[in-house]
Structures are given as structure tokens and as C-alpha cells.
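The values are calculated or read from the model by the stated rules, or taken from the named source; none is laboratory data. Every value quoted in this text rests on a predicted model; they were computed, and no experiment measured them. Here the Cβ is made from the backbone with ideal geometry for all residues, glycine too, and neighbour counts use every protein chain on show. Heads up: the accessible areas ignore ligands, DNA and RNA and are worked out on the full protein's heavy atoms, side chains in. Shrake-Rupley method; radii C 1.70, N 1.55, O 1.52, S 1.80 Å.
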Amino acid sequence: MARLDLRTRLLGRLLSAASVTRRSEEQILADQRREIGHNPVVDLLLGGLATGVAVRDTTAAGADGPVGVRVYRPTTFRGTPPLVVLIHGGGWTSGSLDTYDWLASSIARDTQAVVASLDYRLAPGARWPAAAEDSYAATVDLVGRGHELGADTSRLAVVGDSAGGNLAAVVALMARDRSGPAIAFQGLIYPATDLTMASPSIDENAHAPILTKADMLAFRGHYLAGQDPTDPYASPLFADLTGLAPALVQVAEHDPLRDDGLRYAAALQEAGVAVRTTTYVGMTHGFMAFPRISRAVPQALGELTGELRSALARP
């Protein structure tokens with residue numbers, strides 16, 4: 001395996017102080033109520049907003065009430081761009097629209113698409129399947145509001161990282177199972193696909209920076225709270241995957257979730273789904289969240305947006 005660089009090791013040490021394993025449910029709920037916002041330090045770490053993108057906040061219909069949505073539109077696009085629904089990561093217990101501004105705005109700019117970033121309900125206040133049902137319901141609602149969004153919702157993709165990758169995969173499954181919107185592409189960035197935690201990389205990278213096996217157990221506990229981890233809408237690896245949209249699966253070498261992504265990509269291919277898989281050597285889980293620290297981000301973003309452009313091009 002490739003050696004981790006010093007910046008990544010230092011970042012891992014810094015973030016370990018805020019590990020979910022050190023937080024009670026009350027502390028997690030309190031953290032969720034805090035607004036991250038933007039300042040020079042936060043933007044240095046998380047990237048800030050990309051230029052050339054207009055941003056506005058709205059809501060969409062979730063499964064049990066409205067959920068927040070932030071819409072990003074490239075300012076130079078002429079015509080009606082496609083729609084990308086972005087579902088953030090954070091172990092189903094954290095993450096926000098603010099912390100995903102860089103990724104969402106960068107996808108909008110480089111794909112030349114309208115990006116709708118979802119602020120679904122989080123655990124432990126809302127256990128599974130709340131996040132999955134919110135994400136699907138909001139996607140359906142947004143697709144029906146193409147004129148308001150200024151987007152061609154007949155050209156639709158879902159993208160997510162980590163827990164958001166899990167939810168993006170589940171939304172694609174739900175859309176197929178429930179005769180929902182036609183999804184043209186799914187971009188899955190180091191997704192969690194097997195909540196039984198049977199992937200060999202979980203033990204291989206049990207003490208990796210950013211995400212550890214102990215973190216994964218804690219996240220799963222808050223999200224599922226003892227519910228069935230083999231339900232396909234919790235662990236999409238256990239689903240019938242036939243008839244799904246083409247996918248890009250990006251994984252990181254030093255990630256406990258690496259094999260979740262690789263196994264899911266192999267299962268998609270076995271089911272006849274077109275899939276591209278890339279392993280980012282020397283990278284840890286979450287590397288796309290730190291564009292000024294992780295050296296692979298330009299390549300990974302370019303691969304993702306290139307695949308999106310191809311998949312969402314007008315026929």
C-alpha cells in the first residue's frame with residue numbers, strides 16, 4: 001500500500017478529537033444544531049464556494065415534512081442544464097449544506113449542471129429509514145419542479161459520498177422499485193454499501209486516519225439502532241441491482257469502506273450495469289472533503305464531473 005502523506009496523518013489526528021466514538025447522543029444532537037458557516041479557517045480546510053456559481057436556498061418535500069435544499073447553478077450556462085442531486089456524507093449523524101458547499105458548487109461549475117444539495121434528517125434524532133426516505137422524497141419533489149429550478153429534470157443524476165453514497169445508491173434503488181424518476185447516472189464516492197460490515201478492508205484499515213472501524217460501528221449504531229442491516233434500503237449490496245443507472249464508484253486505498261465500494265461495483269457489473277471503478281492510491285476515507293489537503297482531489301473531481309457530463313449530455 002502507498003504511504004500516507006504527513007498532511008493526511010496530521011489531519012487524522014486533529015479530527016480524532018471529535019470522533020463520534022467520543023460523543024454521546026446528546027452531544028451529537030447539540031453538534032447538529034450548530035451552524036458551521038464560512039470563515040477563512042473553515043474555507044481553508046473545506047474549500048469554500050467555487051466561483052462562477054449562483055447559490056440559493058429553498059426546501060423540498062421530505063418523507064415527513066420539508067427538508068432544506070441548496071441549489072447551485074453555473075452562471076455561464078446558456079439553455080437548460082441537467083439536474084444533479086447531491087446527498088452529503090457524515091455517517092448519517094453529521095454533515096450539512098455549508099460543509100458541502102465546495103463539492104456541490106464545484107460539481108455545478110465543472111459539470112455545467114444545476115446541483116441540488118439535500119439536508120436530510122440525521123440520526124440519532126431520526127433513525128433509519130428517515131434519511132433514505134427523505135432523500136428519495138426530496139428527489140421526487142425536485143424533479144417535479146424543473147421549471148422553478150431552471151433545470152432539465154429529464155436528465156437526472158444522484159451523487160453522494162460515504163453515508164451520502166449509501167443514500168444515493170438507495171435512492172437509485174427506490175426510484176426503480178417505486179417507478180420513480182428516471183436516473184441517468186449515480187456517482188458513488190467511497191460509499192457504505194454493507195452495514196453488516198463484512199468487507200475485509202474494515203479490519204485491514206481499522207485504525208486508518210479520518211475513519212476507523214470503531215467510528216463505523218458507532219455510526220451504524222446511531223443510524224440503525226438494532227434494525228436489520230441486510231435490508232436493501234440500508235445495505236444496497238443486498239439488493240437486486242438489475243436495471244439500475246450506470247455508475248462511477250470511487251474508493252480510497254486506506255479506507256475501511258474501500259471494499260464496500262469495490263464489492264458494490266462488482267455486484268453492479270454482475271447485474272449488467274455499466275460501472276467504472278477507481279481506487280485512489282494513498283488516499284483515506286473522506287479525502288474529497290479536503291480539497292486543499294488531499295492531492296488526489298483534482299483527479300477525482302475531474303473524473304466525476306467528466307462522467308456526469310457524458311451521462312447527462314443531450315441525446
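Structural remarks
- Among the protein heavy atoms, those of D64 account for about 120 Å² of accessible surface (1.4 Å probe, every chain in place).
- For G65, neighbours were defined as the other residues whose beta-carbon sits under 14 Å from its Cβ, and their charges (Lys and Arg +1, Asp and Glu -1) total -4.
- For the stretch 1-145, the square roots a ≥ b ≥ c of the C-alpha gyration tensor eigenvalues yield an a/c of 1.5 or more together with a/b not exceeding b/c, which makes the shape oblate.
- Cα gyration tensor category, rounded, prolate or oblate, for the stretch 258-315 with a/c compared to 1.5: oblate
- Relative to the current alpha-carbon distance between A225 and T279, full extension at 0.36 nm per residue lengthens the span by 16.3 nm.
- When you count the other C-beta atoms within 10 angstrom of each residue and take the mean per peptide, 18-24, 277-283, 218-224, 249-255 line up highest first as 249-255, 218-224, 277-283, 18-24.
- Cα centroid separation, the stretch 1-59 to the stretch 87-125 (Å): 12
- In plain terms, the chain from L29 to A2 could stretch by 6.0 nm, reckoned as 0.36 nm per residue minus the Cα-Cα distance.
- Among beta bridges that DSSP assigns inside the chain, antiparallel share in %, nearest 5: 35
- In a simple Cβ point-charge model (Lys, Arg +1; Asp, Glu -1; nothing else charged), the stretch 29-97 has a dipole of about 240 debye relative to its Cα centre.
- Across the protein chains, with a 1.4 Å probe defining accessible surface, the residues L308, L15 rank L15, L308 from largest area downward.
- Shape metrics for the stretch 1-83, restricted to C-alpha atoms - Rg then Dmax, Å: 18.3, 49
- Taken about its Cα centre, the stretch 97-207 carries a charge dipole of about 320 debye when Lys and Arg each add +1 at the Cβ and Asp and Glu each add -1 at the Cβ.
- Additional length obtainable on full extension of the chain from A271 to H207, 0.36 nm per residue less Cα span: 19.7 nm
- Taking all Cα-Cα distances within the stretch 56-133, those exceeding 21 Å account for 29%.
- For the stretch 170-179, backbone phi angles converted through the Karplus equation (6.51, -1.76, 1.60; θ = phi - 60°) give residue-by-residue couplings of 5, 4, 4, 5, 4, 4, 5, 5, 9, 6 Hz, Gly and Pro being listed as x.
- Annotation: for a label point projected 7 angstrom from Cα along Cα→Cβ of D64, residues of the stretch 129-163 with backbone N closer than 16 Å are 129-138.
- For the stretch 96-240: rounded, prolate or oblate by the Cα gyration tensor [a/c cutoff 1.5]: prolate
- Protein heavy-atom surface of the stretch 124-253, 1.4 angstrom probe: 55% of the accessible area is carbon and sulfur, with nucleic acids and ligands not counted.
- Taking every protein chain into account, the 1.4 Å probe leaves R109 with about 90 Å² of accessible area, to the nearest ten.
- Think of the stretch 143-274 as a dipole: +1 on every Lys or Arg Cβ, -1 on every Asp or Glu Cβ, centred on the Cα centre; then among A151, L244, A192, A151 lies furthest on the positive end.
- Here the chain is assigned +1 on the Cβ of each Lys and Arg and -1 on the Cβ of each Asp and Glu. Its dipole about the Cα centre then comes out at about 780 debye.
- Only helices enter the 222 nm calculation for the chain: every DSSP H run of n ≥ 4 contributes -39,500 (n - 2.57), and dividing by all residues gives -11000 deg cm²/dmol, rounded to 500.
- Percent antiparallel among DSSP beta bridges (both partners in the stretch 131-276, rounded to 5): 0
- Ordering 37-46, 143-152 by mean Cβ neighbour count within 10 Å, with the highest value first, yields 143-152, 37-46.
- Among (1) 26, 22, 20; (2) 62, 26, 21; (3) 36, 23, 19, the entry derived from the coordinates for semi-axes √(5λ) of the Cα gyration tensor in Å: (1)
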